[in-house]
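Inspection log for the structure reproduced underneath, given as structure tokens.
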Amino acid sequence: MKHINHRDVVVIGGGIIGAAIAYYGSKSGLEITVFEKNELGSGTSSKCDGDILAVDKDPGFNSQMALKSQKLVHELHTELDTPFEYRNYGSILVCENDMELEAAQKWVKQQQNAGLDFRMLDREDLRNESKYFADDLLGGLECQTDSMVNPYLFTYSLFEGAKRYGAHIHTHTEVVNLYKNQAKQFVIETNQGTFTANKVVNACGVWAPFIGKMLDIDIPIKPRKGQIIVASRQKPVGVRNVMEFGYLISKFGGERKVDPLIEKYGVALVMEPTESQNFLIGSSRQFNGYETKVDNEVMKCIAHRAVRFYPKIADMTVIRAYAGLRPWTADHLPIISQVEAIPGFYIAAGHEGDGISLAAITGKLIEEMINETNTSVPIEPLSLNRFHASLEHSFD
Ligand SMILES: Cc1cc2nc3c(=O)[nH]c(=O)nc-3n(C[C@H](O)[C@H](O)[C@H](O)COP(=O)(O)OP(=O)(O)OC[C@H]3O[C@@H](n4cnc5c(N)ncnc54)[C@H](O)[C@@H]3O)c2cc1C
């Protein structure tokens, strides 16, 4: 007789990544169980924006993976029953000086050569885009495949879909210990009892290293805090996502010509309209441990940056602000990987500021790895080994 607490595949973590794995896994016929210590989507996946972007991805592997994910999200928009405010209008980056415009031209060329749908925008294009833009902006660029979702609804919609395919979802179930028994099954101790499983996927975002530690595995992910201001529905500022070109520099750690406080907090404009025309105005980048308190000084910097690009929104009402933790890795790529030393253990975490964008492809890849079929994109660049190999190399 099958032991009642034995499961085939257990996914730890009920954020967007756990949701996508549960969806694609159960859709393919796998028996999936999810353990989430709080509510679904209560981690970073409800404290973020909802941009599904290729515009900010390195040309090559990174942007090709983003493109695949965008196509999957487009399919999910008709495939899933619960709507998640999907809008595929493309997105734009704006430039405030000649240096950025020149870098933008190079970026667009590289992306076009890699087959992506990018084009330059001039002043006139910006004026047509929004009458709220500052007059001195020189131009920008557009990525036509980019889209937006409500990340919280997207998470719930994927879980709803997974449940329909038979997935078991346990909330308020915290994994407190994990090891392998003599029968080579995983033993998963939770605050709701002990389970065994054949396979375990660690989809715990910034908390993934703690699950790794239970199995003596070092998972090099650090929390990178980001803050967002929510502005009320008041002025028709725009309908699609707008970022400043400096966002790319801030993300990848280059130097910008901005005021020292803006640089200190890694603030670069992201203006994302929600479906109901509120505005998510962001964001910042800081390594500050696991704290998620809203910092007023950072909020001021974000507001200054927004008014620099949109002077006419200075009097807009702010509804609230929040902060979330991006699961950062040193090379800005997620870890979507089997762990060679522990057969049956998988990691799907470390998506930094791209977890909403890359959730669909991540779910698909983990499903393909577990089912041992061809993967949608090559998985070597995403392996955990890349960090351990570079660590060994650095000691040579
Ligand atoms: C300000 C900001 C803006 C962002 N904007 C975007 C954007 O526009 N586009 C984009 O693509 N990405 C964006 N991101 C990044 C994106 O939000 C994350 O990459 C993504 O949400 C990570 O999802 P996750 O499922 O890995 O982690 P989480 O959503 O944090 O889920 C992990 C879950 O694991 C659970 N958990 C932890 N430990 C345990 C345990 N022991 N037992 C059981 N459960 C456990 C947690 O409770 C949590 O719910 C942004 C992030 C921030 C902070």
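The values are calculated or read from the model by the stated rules, or taken from the named source; none is laboratory data. Remember, it's a predicted structure, so these values are computed and weren't measured experimentally. Don't worry about glycine lacking a Cβ; one is built from the backbone with ideal geometry, like all the others, and counts go over all protein chains shown. For accessibility, only protein heavy atoms count, side chains too; no ligands or nucleic acids. Shrake-Rupley method; radii C 1.70, N 1.55, O 1.52, S 1.80 Å.
Among the residues of the stretch 78-97, are any within 15 Å of the ligand (Cβ to nearest atom) and in a helix (DSSP H, G or I)? Talk me through it step by step, then tell me what you get.
Filtering the stretch 78-97 for residues within 15 Å of the ligand (Cβ to nearest atom) gives 84-93.
From the residues that got through so far, the ones that are in a helix (DSSP H, G or I) too are none.
No, the stretch 78-97 contains no residue that is within 15 Å of the ligand (Cβ to nearest atom) and in a helix (DSSP H, G or I).
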Single residue of the stretch 198-210 satisfying the filter (within 19 Å of Gly363 (Cα to Cα) and hydrophobic (A, V, I, L, M, F, W, C)) that is most open to solvent (accessible area, probe 1.4 Å): Trp207
Which numbered condition Ile21 misses (of (1) part of a loop (DSSP other than H, G, I, E, B); (2) within 14 Å of the ligand (Cβ to nearest atom)): (1)
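Restricting attention to strands (runs of 3 or more DSSP E) lying wholly within the stretch 252-361, give those where 1 or more residues are exposed (fewer than 15 other Cβ atoms within 10 Å of the Cβ) and modelled with pLDDT of 95 or more. Walk me through how you get there before you give the answer.
Details: elements: 270-273, 279-282, 318-328, 335-338, 345-349.
Strands (runs of 3 or more DSSP E) meeting the threshold: 318-328.
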Lone unmet requirement of (1) at pLDDT below 95; (2) within 18 Å of the chain's Cα centre (by Cα) for Ala19: (1)
Condition check for Lys71: in a helix (DSSP H, G or I) and basic (Lys, Arg): yes
Pair list, Cβ < 9 Å and 6+ apart or interchain, from the stretch 46-59 residues that are over 23 Å from Asn278 (Cα atoms) and assigned by TED's automatic domain parsing to the domain that holds Gly140 to residues that are of a type in the set (Val, Ile, Thr) and surrounded by fewer than 24 Cβ atoms within 10 Å (Cβ to Cβ): none
Residue within the stretch 85-100 that is among the aromatic types (Phe, Trp, Tyr), touching a residue at least 24 places away in the same chain (Cβ under 8 Å) and surrounded by fewer than 21 Cβ atoms within 10 Å (Cβ to Cβ) present: yes
Test: Phe245 is modelled with pLDDT under 95 and over 17 Å from Tyr132 (Cα atoms): yes
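May I ask you to list the residues in the stretch 160-201 that are of a type in the set (Ser, Thr, Tyr) and either without any contact (Cβ under 8 Å) to a residue 24 or more places away in the chain or in a strand (DSSP E or B) (or both)?
Start the filter on the stretch 160-201 by keeping residues that are of a type in the set (Ser, Thr, Tyr), which leaves 165, 171, 173, 179, 190, 194, 196.
Listed by number, the residues that qualify are Tyr179, Thr190, Thr194, Thr196.
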Residue list for the stretch 25-59, filter: away from the ligand (no atom under 14 Å from the Cβ) and open to solvent by 10 Å² or more (accessible area, probe 1.4 Å): Lys27, Ser28, Gly29, Leu30, Glu31, Asp58, Pro59
